[in-house]
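Below you'll find the structure, written out as structure tokens, and then a few comments.
Please treat every number below as a calculation from the coordinates, not as lab data. For clarity, every value in this text was computed on a predicted model and none was experimentally measured. When we count neighbours, we look across all protein chains shown, and the Cβ atoms used for this are built from the backbone with ideal geometry, even at glycine.
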Amino acid sequence: MIVSFLNLARPVMWRPVAKDGAILPAPQQKPRSAANQIVAVGETYDFEVTPPDDGSPLWLDVRIAATGRWARQVPFTVVKQE
């Protein structure tokens, strides 16, 4: 599957932190666009996301890798911790 994290149909920035429970090396933890992350069966990823300041809605977009066809889109509300 292909996963993107979107704000108003545009990818936000996220920072990969871990894959399959293991912390990623520092060079792999650079912030990048939250678009088109390929996830195979059994894989898990941890990302840090900074939500938009304007409170606009965020969406987790999931597509089928083989076809690019939309599978799910889930709305998210992110609350900043002070």
### Residue among A66, P31, G21 farthest towards the positive dipole end of the chain, charges placed on Cβ
A66
### Dimensionless Rg ratio for segment 2-76, taking C-alpha atoms and the 2.2 N^0.38 Å reference
1.12
### Message
With +1 assigned to the C-beta of every Lys and Arg and -1 to the C-beta of every Asp and Glu, and no other charges, what is the dipole magnitude of the chain about the Cα centre in debye, to the nearest 20?
### Response
300 debye
### Task
Sticking with the crude label model, points 7 Å out along Cα→Cβ, report the distance from K30 to A66 in nm, one decimal please.
3.4 nm
